[in-house]
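*Asks:* Sharing a structure, written as structure tokens. Questions coming.
The values are calculated or read from the model by the stated rules, or taken from the named source; none is laboratory data. Because the structure is predicted, anything quoted here is derived from the model rather than measured. Here Cβ is always computed from backbone atoms with ideal geometry, including for glycine, and neighbour counts include all displayed protein chains.
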Amino acid sequence: MKPIMFLVLLVSVGLLIGCQPPDPVREATAKLKPVVDTYIHAWNTGNLDTLNAICDPQVVAYVGTTSAYRGLDSLKLFIAGTRTMYPDFKVTVEEELFVGNHAVTRWTITGTNTGPGYIPPTGKSFKASGLTLSRFVNGKLAEYRQEYDRLYLLQQVGFKLTPPTK
């Protein structure tokens, strides 16, 4: 009789666990975290070919309020240009949250301005933090909006903010 009671208890617990509603955060994390991890890895290594598998070809990246990179080729040029100016560029993820088809990532970036680019090399290092809100379509990165204090970063690498003269 005891083995039957144990079996009934085991089946009952299994049914209860199996009847739980799906956890949308856990599901989104399982689906989207590998995409975000691959994206961060591309930034940290410069291996941009990995982006082909995780980005929508029409991906749009908004960086601050002034820049938008439209299409995968444009995004790759942006990353390559950044890594040229800052060859030791590194992204460290501080926090992530995945829900539905969206991710919020809080990150810290570091680097040293030793390479050519749209700003002259100064040899100085920076550390800045920011946030990215990403949207995914069919499991691929389709759009993201990124915010960080660009002025603070530029000041760390040697730029000065001078007031206008009258």
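*Asks:* Return the residues of the range 62-89 that are exposed (fewer than 14 other Cβ atoms within 10 Å of the Cβ), in contact (Cβ under 8 Å) with a residue 24 or more places away in the chain and either among the β-branched types (Val, Ile, Thr) or touching a strand residue (DSSP E or B) at 6+ places or on another chain (Cβ under 6 Å) (or both); say none if nothing qualifies.
*Replies:* Residue satisfying the conditions is 88 alone.
*Asks:* Only one residue in 143, 96 is out of contact with any helix residue (DSSP H, G or I) (no Cβ under 7 Å at 6 or more places or on another chain), assigned to a strand (DSSP E or B) and not hydroxyl-bearing (Ser, Thr, Tyr). Which one?
*Replies:* Only one candidate qualifies: 143.
*Asks:* Right, something else. Output the residues belonging to the range 123-140 that are closer than 14 Å to residue 88 by Cβ and not in a strand (DSSP E or B).
*Replies:* Within the range 123-140, 123, 124 qualify.
*Asks:* Let me ask something else about it. Collect the residues in the range 71-91 that are under 19 Å from residue 157 (Cα atoms) and among the polar types (S, T, N, Q), keeping them in residue-number order.
*Replies:* 82, 84
*Asks:* Follow-up. Give the range 129-166 a look and list any residue that's more than 18 Å from the chain's Cα centre (by Cα) and of a type in the set (D, E, K, R), or say none.
*Replies:* Within the range 129-166, 160, 166 qualify.
*Asks:* Then there is this: Scan the range 94-122 for residues that are touching a Ser or Thr at 6+ places or on another chain (Cβ under 6 Å) and of a type outside the set (D, E, K, R) and jot them down.
*Replies:* 98, 103, 105, 108, 112, 113, 115, 117, 121
*Asks:* Can you find a residue in the range 138-161 that is among the polar types (S, T, N, Q) and more than 21 Å from residue 32 (Cα to Cα)?
*Replies:* Yes, some residue in the range 138-161 is among the polar types (S, T, N, Q) and more than 21 Å from residue 32 (Cα to Cα).
Quick grid of which residues meet (1) within 24 Å of residue 34 (Cβ to Cβ); (2) of a type in the set (Ser, Thr, Tyr); (3) at pLDDT 95 or above; (4) touching a Leu at 6+ places or on another chain (Cβ under 9 Å):
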| residue | (1), (2), (3), (4) |
| --- | --- |
| 102 | yes, no, yes, yes |
| 105 | yes, yes, yes, yes |
| 109 | yes, no, yes, yes |
| 118 | no, yes, no, no |
| 121 | no, no, no, no |
| 127 | no, no, yes, yes |
| 132 | yes, yes, yes, no |
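*Asks:* Only residues that are hydroxyl-bearing (Ser, Thr, Tyr) and within 21 Å of residue 56 (Cβ to Cβ): list them for the range 130-166, please.
*Replies:* Across the range 130-166, the qualifying residues are 132, 134, 144.
*Asks:* Here's something else I'd like to know. On the given criteria, is residue 114 in contact with an Asp or Glu (Cβ under 6 Å, 6 or more places away or on another chain), surrounded by 15 or more Cβ atoms within 10 Å (Cβ to Cβ), among the hydroxyl-bearing types (Ser, Thr, Tyr) and modelled with pLDDT of 95 or more?
*Replies:* It is false that residue 114 is in contact with an Asp or Glu (Cβ under 6 Å, 6 or more places away or on another chain), surrounded by 15 or more Cβ atoms within 10 Å (Cβ to Cβ), among the hydroxyl-bearing types (Ser, Thr, Tyr) and modelled with pLDDT of 95 or more.
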